[in-house]
Structures are given as structure tokens and as C-alpha cells.
1. If you count only protein heavy atoms with a 1.4 Å probe, what accessible area per residue comes out for the stretch 70-158, rounded to a whole Å²?
2. Hey, any idea what Rg/Rh is for the stretch 88-213, computing Rh the Kirkwood way over Cα pairs?
3. Along each principal axis of its Cα atoms, how long is the stretch 286-330 end to end? Whole angstroms, biggest number first, please.
4. Quantify, in whole percent, the carbon and sulfur part of the accessible surface of the chain (1.4 Å probe; protein heavy atoms only).
5. What accessible area per residue, rounded to a whole number of Å², is obtained for the stretch 296-346 using a probe radius of 1.4 Å?
6. Using helices alone, I'd like the mean residue ellipticity at 222 nm for the chain: each DSSP H run of four-plus residues gives -39500 (n - 2.57), total over residue count, nearest 500.
7. What dipole magnitude, in Debye to the nearest 20, does the stretch 268-423 give about its Cα centre under +1 on Lys/Arg Cβ and -1 on Asp/Glu Cβ?
8. How compact is the chain by the rule of thumb for globular proteins, expressed as Cα Rg over 2.2 N^0.38 Å?
Amino acid sequence: MRWIHAAGRGLLVLVVILTGYAASGVRADGGATGGRGPLTLATAGDLTGYLGPLLAGWNRAHPAEKVTLVELPDSADETRAQMATDLRDGDRHRFDVLNIDVNWTTEFAAAGWIRPLPRDRFPLGALLPPVVDTATYEGRLYAVPYVTNAGLLLYRKDVLAAEGVPPPRTWAELERYAEAIAPKHGLAGYAGQFLPYEGLTVNAAEAVYSAGGSILGDEGERVTVDSAAAREGVGFLARGVREGWIPRDALAYKEEESKQTFQDGRLLFLRNWPYAYVGASAEGSKVAGKVGAVPLPGPDGPGTSVLGGSNLAVGAHARHPDSAARLIAYLTSERVQRQVLTRGALPPVRADLYEDPELVAAFPYLPTLRESVLAAAPRPKSPRYDQVSLAVQAVVHDAMTGRQTPEAAVRRLARELAALSHR
Ligand code: GLC
């Protein structure tokens, strides 16, 4: 009996050693390259519903490293807030891989919420150059570009053709057509994303940049917004609401609401991301076959788009960092990047896809989009980007609703941004 007991104890010890070994194999490898197992992937609202099926492909091929998709709200700000809450709480975090907006990389990295990644595991050399810059902080890679984006002006081809005018290249043309042509056809003139959230920051920055202005300089160190150009940019948006060629409803639009209005045939011009062009042109849209897209106009010619898109980051407390890196390599592989475009209607980050004859035939706007992405201006990089964006949104919204003149609004924004940098 005693020997059975002893053998049993030996077995137990062996089991303990083995499980201990296995467990510490996961824990000891907890660095950027270690640890395999299941993961969660948190993302802002998947507006084209492509990501679930795409991840199902990964899950079938990697049963031991299954990914659970956590879909957060459509609004970039709400998604950021939920991610920040999760990442701050190291013990109870739920998100392992995070699909973060390009302009959050600096803040998340500076706060220590996401971990640096080894450059050699990802196809950085194959990506469009400006997108790689959005993923670095203090010279290190903190995320891997996944989707890029640039704003376009969508317009009703049928309406402009009936009036015998080309698509607008300047703000004066846009304003004239929005004011005079749109009502004749029972349409509202122009809309973008004007609810106070990240989308309004984007639209406001585009107006300011297009007029030749800027918001912050020297990597966020200097406030540069108090300029005639910024007043002109904010003035363009405020004038639209005041004169009625921007409908008041648009003050509550995010991407989806503005896209829906255009797609329902109620709007002549819409500033949105390429996914809206794809959706409005697709079967089922009331304006299918009647939609054109051109670069955003500016005061005297083509304007400047803000660089949008998202990067994949790994949470500082991610459970299985090796699987996280493997998943990111998969999502940035050429095959999956093609699907990001063909199924998700989102602009891929891999440069060669923009010159792929098959894709260009199916998505004729790709060459224009590539130019827009390469010419797009990044939002200010700042560890306090969320505060910067909140200030821009609040102030520009006040100018658009007529609570403040564009001049007073720009002065106030300059003061608020200066106060932020001194805090
Ligand atoms: C899109 C862009 C993103 C931007 C957001 C604003 O998702 O890709 O960069 O911040 O719109 O609403």
C-alpha cells in the first residue's frame, strides 16, 4: 500500500511539475513574442459587418487561438473611452488586441497601455509610408497599421450633369451649387460629420488645413491655431449652417447618419470616407449609379484631407502576446488586406493593392484614393490628444450653431489648447 501511495504522490508531483511547466511556459514568455491561446479583439463599430466572418476564417484555422470580437460603439470617442477604461484596469482587462484609431497611438503608448512590438514580425516595408508613422511613438513601433482612410467629396452625378456643371473644386463652387442647385432638386446642400465627437474634429481640421492653417505645431508643443486661415476654415462651416446650405440636422450627424441621408437621395454633397461611396453606389441604395467622388475642395482649389484609419495594438496586459502578434500579422497579410477592401469597403494599408489591375477594375477610385491618402495630413500627435480633440469639437460646434463668431471661437480654441499644454 505504501508504495502505491508513494507512487501516487510521485505522480501528483509529476503532474504539478508538468502543469507548472506548462503554465509558466505561458507566463514566462509573457513578453512581446511569447504566449499562445485565445484572444479578444476590441474594435469600434464594424460599419460594414465584414470583420466577424473574416475572423471566423482565422478561428477555423487556429482552434487553440480563437479570437472573440468585442464590438464597441460607432462613435470614435465612446470607443476610446471604453478602451481607456479597460486598459487602465490591468487586473480586470478584457481586451487583448485593440483596433485603435490612428490618432490614439501616441496617447495609449505614452500611458503605457499598449506594448511596443518587434518591427520584424510585420510587413511594414509593404505599407503606404504615412500610415507607418501613425503607429510609432518615440521611435518605437506600438501598433501595426491595418486600415487607412481619407475624406472624399461625394456628389450627385445626375444632378450636376442636369445642370451642366462639373464637380466643385473650390469652396465657392461648392457653396454656390449647394445653395442654388440643391433646392431646385429637392435636396439639402452639403453635410459632413458635425456632431461634437471625433468626426467633427476631422471635419474642422480639414477645413482649417485646406485654408492653409494648422492646429498644433512642433509635435503638439506649440499652439498654432490662432490664424486667419483657421478663421477662414471655421468660417466656411459656420457660414454653411447660417446660410442654410448645410442643413441643421447635420449638426447631429456621425458617419452613418450622413451616409444614410445621402443614400436616401436627400443630399447633393457629402464629405465622408470611401466606405460611404461604396455603400451609396451599391445595389439597394436609392442613388446607385448616380454617385461621383472627388478630392475635398478648398478655398482656391483642392483641399486637404485628414489621414484616418486604424492600427492594431496589443494591450500591455494581453493574455497571449504571441498569438496577438500572429493575429496582427494575419490581418495585415496581403490576402486579408484584399478582403478588408473587397468585403469591408475599407482602404487597405498595403501599397501594392492600389496598383493591382483586378482591384482597380473593381474599385476604380483606388488610384485617387491612394493620392488622397499620400497627401492627407495627420491629426496633431499628442499624449493628450483626447483633450485636444474635445476642445476642437466643442468650439467648432459653438461656431456652427452660431453661439460664437468664428473669430471668437478660434481665439477661445487657442486659449484652451494653450491651457492644456501648460497643465
Ligand atoms: C473614421 C476614421 C478615423 C476617424 C473617425 C472619425 O473611422 O478612420 O480615423 O477618427 O472616422 O469619426
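The values are calculated or read from the model by the stated rules, or taken from the named source; none is laboratory data. Since we're looking at a predicted model, the values are computed, not measured. Positions of Cβ are generated from backbone atoms using ideal geometry, with glycine treated the same way; all protein chains shown enter the neighbour counts. We work out accessible area using only protein heavy atoms, side chains counted, and drop any ligands, DNA or RNA first. Shrake-Rupley method; radii C 1.70, N 1.55, O 1.52, S 1.80 Å.
1. 38
2. Working: Rg = 20.7 Å, Rh = 18.3 Å.
Using only Cα positions, Rg/Rh for the stretch 88-213 is 1.13.
3. The principal-axis extents, from largest down, are 50, 30, 16 Å.
4. 53
5. With the other protein chains kept in place, the stretch 296-346 gives 29 Å² per residue.
6. Taking each H run of at least 4 residues, the total per residue is -14500 deg cm²/dmol.
7. The calculation lands at about 580 debye.
8. Computed over Cα atoms of the chain, the ratio equals 1.11.
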